[in-house]
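One structure is given below, encoded as structure tokens.
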Amino acid sequence: MRESTVQPSIDILMATYNGGSYLEAQLDSIFSQTVQSFTLYVRDDQSNDNTAEILNRYSEKFGPRMKVLNDGLGRLGVIRNFFTLLGGSNAEYVMLCDQDDVWLPRKIEITLAKMQEIESRSGKHTPVLVHTDLKVVSKELEMLGDSLWQYQNLDPAKDSLSRLVVHNVVTGCTAMINRSHADLTLSALPEHVMMHDWWFALVATCFGKIDFVTEQTMLYRQHGKNDTGAKKWSASTLLKKLSTYSETSKLLLRKTQAQAGEFSLRFQAKLTAEQIQLLNTYSEMDKLSGLGKRLFLIRNSIFKQGVLRTFAMLAFI
């Protein structure tokens, strides 16, 4: 009997805002993928450049394979924009997409293969997130780093809850989630969240699986206007920032605490007692003394990526 050649359905979600300078290159790279069983959904966040014109032109060219949302919700910001797009998706798999990068031709193929490998072992009922490495490039696509993970000294294997509450390792524009993950995420959308990809990572690590592909699947363009962007990591970089690191570190830590508390609140009926205790204690850590905070973090292995980042966090908490 001949095996079925039907490809699974994939929704690619792209949030745009004043992305006209690089948008065409990204759209061309998406529609040149080796896997073509996708629909591209785009929601523009009230751009005032030529983004809308480019989107209209491409949607006319590709017809039902590219849908531009006009929901009248106004300006939402990048996080709510992505969550809104996710709410309109019903495909088996969902991929996140930024407006200013370039996807390498096998990005979907490579990520989907890893996703299906995990589902073959764990079942489609398990919420799964797969992410990949990236190449870091300038705005002219000149190579800055062959690997984002090396560029920023990140280890994607360190994805436990105790690590993820304080430091995200998932780059959203490389991520694919399955339907189980998408449905679970949509059942408890947050008010306080650092970034949408960080929330997706927390969902996967608490209720399912995170896995990764070491191959670089896209060009991560750095142009000075990225919402997050890639900052090259080195010991000298940290030392130069120590004079201002204290307040920055404390502010970032408070935001991660708020996110942890929100996650515990939204998913308290599904979390284990151990997960709730870690999340709640971390979110209310300001009630502890300076020594108490440090002991709590160390005892629960709540560490940032890399010894120097962790040392700086513990020093300036």
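The values are calculated or read from the model by the stated rules, or taken from the named source; none is laboratory data. All figures in this text were calculated on a predicted structure; none of them were measured in a lab. Every residue, glycine as well, gets a Cβ built from its backbone with ideal geometry; the counts of neighbours run over all protein chains shown. Heads up: the accessible areas ignore ligands, DNA and RNA and are worked out on the full protein's heavy atoms, side chains in. Shrake-Rupley method; radii C 1.70, N 1.55, O 1.52, S 1.80 Å.
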So if I place +1 on the C-beta of Lys and Arg and -1 on the C-beta of Asp and Glu, and nothing else carries charge, what would the dipole magnitude of region 115-186 be about its Cα centre? I want it in debye, nearest 20. 240
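Could you pull out the longest piece of the chain with no exposed loop GluC sites (Glu not before Pro) in it, calling a site exposed if DSSP puts it outside H, G, I, E, B and it has at most 11 other Cβ atoms within 10 Å? Don't skip to the end; give the middle numbers.
Details: sites that count: Glu3, Glu140, Glu142, Glu191.
For GluC sites (Glu not before Pro) (loop position, at most 11 other Cβ atoms within 10 Å), the longest site-free span of the chain is 4-139.
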Match the structure shown to one of the listed values [x] 25, 50, 22, 2; [y] 31, 58, 10, 0; [z] 33, 60, 7 of P(r) over Cα pairs in 20 Å bins from 0, in percent, computed from it, and give that label. [y]
So what's the gap between the Cα centers of region 100-125 and region 153-187, to the nearest angstrom? 14
Counting other Cβ atoms within 10 Å, keep those with at most 14, restrict to DSSP loop, and tell me which trypsin sites (Lys or Arg not before Pro) in region 142-232 are left. Lys225, Lys231, Lys232
With x for Gly and Pro, the residue-by-residue ³J(HN,Hα) of region 9-20, computed from phi through the Karplus equation 6.51 cos²θ - 1.76 cosθ + 1.60 at θ = phi - 60° and given in whole Hz, is 7, 10, 9, 9, 9, 10, 9, 10, 6, 6, x, x
Gain on full stretching of the segment that runs from Ala269 to Ser37 - 0.36 nm per residue minus C-alpha separation: 79.9 nm
Can you compute the modelled spin-label distance between Asp155 and Ser187, with each label point 7 Å from Cα toward Cβ, in nm? 3.3
Hey, how many Å between the Cα centroid of region 271-306 and the Cα centroid of region 207-221? 27
Per residue of the chain, what 222 nm ellipticity follows from adding -39500 (n - 2.57) for every DSSP H run with n ≥ 4, rounded to the nearest 500? -13000 deg cm²/dmol
Running a GNM on the chain with Cα contacts under 10 Å, which residue among Met115, Met143, Met95 ends up with the highest mean-square fluctuation? Met143
Name the long-range amide H neighbours of Met66: under 5 Å, sequence gap of 5 or more, or other chain; modelled H, no Pro or chain starts. Leu40
Pairs of Cα atoms under 8 Å, at least six residues apart: use those to get the relative contact order of the chain, whole percent. 19
Quick one: dipole size for the chain, taken about the Cα centre, charges +1 on Lys/Arg Cβ and -1 on Asp/Glu Cβ, in debye to the nearest 20. 1040
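What number comes out for accessible area per residue over the chain if the probe is 1.4 Å? Units Å², please.
Each residue of the chain exposes 47 Å² on average to a 1.4 Å probe.
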How large is the accessible surface of His223 in square angstrom, using a 1.4 angstrom probe and rounding to the nearest 10? 40
Would you be so kind as to identify which of Leu112, Phe316, Leu251 lies farthest towards the positive end of the dipole of the chain, taking Lys and Arg as +1 and Asp and Glu as -1 on Cβ and the Cα centre as origin? Phe316
